[in-house]
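Below is one structure, written out as structure tokens; comments come after it.
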Amino acid sequence: MATFNHSLLLTLVLALSVLCMDVSFAARQLLQSSQPTVPTIPTLPTIPNLPKVTLPPLPAMPTLPKAALPPMPTTSLPKIPSLPTMPTTIPKVTLPPLPASLPTLPTTLPSFPTFNIPTTMPSIPFFTPPPSTTSP
């Protein structure tokens, strides 16, 4: 399988190199050949002048009668209430009294319950072996 991969890779490299060689020959030939002559662009026909369009004059604006509006009713705004008076002194805050002494912290830890962990293997009663057919 590895040989197949190597031969496939070698074939691809050879094909690419041959293609690149053909491209380089074509490019060299294009560089060595003479420049092609560019055809001249034909002249475009001229656009004829269009006649100017004249519009009739607009009619005069008619005068509209002046509208007489009745006077707007006047309403009085309600009075804004006055602001209440703010106190000028801040009342004193009284805190509760501190205790005379702090409670004492325990210095010893409580004892943990002890568990009895067996260290010997208990004996498991086995079945008696079957009687032997031959005597020793």
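The numbers here are math on the coordinates, done by the rules we state, and not lab data. Since the structure is predicted, the reported quantities are computational estimates derived from the model, not experimental observations. Cβ coordinates were reconstructed from backbone atoms using ideal geometry, including for glycine residues, and neighbour counts include every protein chain displayed.
Go through 107, 46, 85 for me and flag whichever is more than 57 Å from the chain's Cα centre (by Cα), part of a loop (DSSP other than H, G, I, E, B) and of a type outside the set (A, V, I, L, M, F, W, C).
Criteria check complete, one pass: 46.
Among the residues of segment 23-32, are any surrounded by fewer than 10 Cβ atoms within 10 Å (Cβ to Cβ), out of contact with any His (no Cβ under 7 Å at 6 or more places or on another chain), among the basic types (Lys, Arg) and free of Cβ contacts under 8 Å to residues at least 60 places away in the same chain?
no
Going by the structure shown, is residue 60 surrounded by 10 or more Cβ atoms within 10 Å (Cβ to Cβ) and either within 56 Å of the chain's Cα centre (by Cα) or not hydroxyl-bearing (Ser, Thr, Tyr) (or both)? Show your work before the answer.
Details: surrounded by 10 or more Cβ atoms within 10 Å (Cβ to Cβ): no; either within 56 Å of the chain's Cα centre (by Cα) or not hydroxyl-bearing (Ser, Thr, Tyr) (or both): yes.
For residue 60, the condition - surrounded by 10 or more Cβ atoms within 10 Å (Cβ to Cβ) and either within 56 Å of the chain's Cα centre (by Cα) or not hydroxyl-bearing (Ser, Thr, Tyr) (or both) - is not met.
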